[in-house]
Amino acid sequence: MNRGIIATVGKFVIAGLVIAPLVLAGRALAAAPGVGPAEIVVGMWAAMTGSTALIGTSERDGIQIGIDEVNAQGGIKGRKLRLIAYDDAGTPQEALSAVRRLIDQDEVFALLAGSNAGATLPVMPLINRTKIPFIASVAAHRNLFVPFAPTAFRIYANEVVQAQRIVDYSLREKHVQRPAIIYTSNDYGVGGVETVTAELKKANIALVASERYNQGDQDFSAQLLRIRQANPDALYVWSFAAEAGIIVRQAKELGLQVQMFGGGGTTTPLFPKGAGAAGEGFAAPWVFPATEDSDAAPVVAYRALLAKHYPNGLPAARPSLYDLAGYGAFKVFAEALRRIDGEPTREGLVRALESLKGYDPGVLFPITFSTMNHEGSDQATIIVVEKSLTWKILK
């Protein structure tokens, strides 16, 4: 072969050997989805319309307020943060569509908040398959992480812990022996009746009546009359707050004068608003260190930021527990993002989340994760509705 040709070929070979590692290095250094030169994009989906719209609007505002705080300080990793939020109206179909869009079209870096159990459980296979980090702050369903979700994390006590806490309180403090339950027919309600039943069984106590209703119903007299006929000494109400308020009020109107307890979904200002005076003494589990109207410094600070977010006045029932959940979830995400060694990657975020040990976001109980446990907290207390029709934590 001609020496000139050999020399030329040699140059191409050498050039190729030099370029190839650079190409591979460039691919290795390629930005993670949702990470640009100047911003990091996160996504959320939740109900922002319909009967559970308080969930999504509160979560969205909590996250956005956290983002605004961080961006005002220059961002994280040299980048500002941006939120893309979709309304799923609390339905599985809309939730799946929203999450697919966030992952495939918007290519967000991570997912925050999530929706109610019925609109979060169906998307978990997609989240597990795509390995996108997800910090759940709405769905407390016991099977959310079954099977174990390697990139999903939860920031407060799940429904099993919540049921354990309220059942234990009802048995030990109120000496309940003949409880009944009324529950919504969605995953939240079904999960509630199953967990409550299981906890009662440990004390050799069985429900004397169990009645279900469809979300959105307004008249519960038929179910409540059947419950009254069973002669219970207590009633568990596993509903969302607005419906729970109506149930409790109608129960008292029908002469069902028994101690009443609720699940975690009852604990917003919408409950006492709907129940009125009938709601006094109603008790439920609470998975935060303070209520949303307390004088705890982190909550006071959040309320001030929310007021700036709505200069013409706060929306009804705000702030809610979902404000605290969304804001807390973002705080956890931001802390983990800061702890990533080097450029932000999804794998790095998961490792950083698993490194959190006793991290205190202020509005949540301290968060601890590990490689084998993605449940950030198992703490829950009890709150009751006082005569002033406000929720207060039992001391």
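Nothing in this text is a laboratory measurement; each read-out follows from the coordinates by a stated rule. What you are looking at is a predicted structure, and each value in this text was computed from that prediction instead of being measured. FYI the Cβ positions are ideal-geometry reconstructions off the backbone, even for glycines, and counts take in every protein chain you see.
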Requested in this report: Just need the relative contact order of the chain here, percent rounded to a whole number, with Cα pairs under 8 Å and 6+ apart.
Outcome: 17 percent
Query - Where chymotrypsin sites (Phe, Trp or Tyr not before Pro) fall in DSSP loop in segment 113-209, at most 11 other Cβ within 10 Å - result: F148
Query raised in the report: Relative to the longest principal Cα axis of the chain, at what angle does helix 321-339 sit, 0 to 90 degrees, rounded to 10?
Result: 30 degrees
Query raised in the report: For the Cα atoms of the chain, what angle does the longest principal axis make with the long axis of helix 3-28, in degrees from 0 to 90, nearest 10?
Result: 20 degrees
Query raised in the report: Any idea what the alpha-carbon Rg over 2.2 N^0.38 Å comes to for segment 160-286?
Result: 0.92
**Report entry** Whole-number percent relative contact order across segment 160-286, with pairs defined as alpha carbons under 8 Å at least 6 apart
**Finding:** 27 percent
Query - Sparse-neighbour loop sites [GluC sites (Glu not before Pro); segment 148-214; at most 13 other C-beta within 10 Å; DSSP] - result: E173
Query - Distance histogram in 10 Å bins (all Cα pairs of the chain, percent per bin) - result: 5, 22, 30, 21, 10, 5, 3, 2, 1, 1, 0
Query raised in the report: Using alpha carbons only, how many degrees (0 to 90, rounded to 10) separate the axis of helix 159-172 from the longest principal axis of the chain?
Result: 30 degrees
Query raised in the report: Is it possible to state the helix-based mean residue ellipticity at 222 nm for the chain, with each DSSP H run of 4+ residues giving -39500 (n - 2.57), the sum divided by total residues, to the nearest 500 deg cm²/dmol? What is it?
Result: -13000 deg cm²/dmol
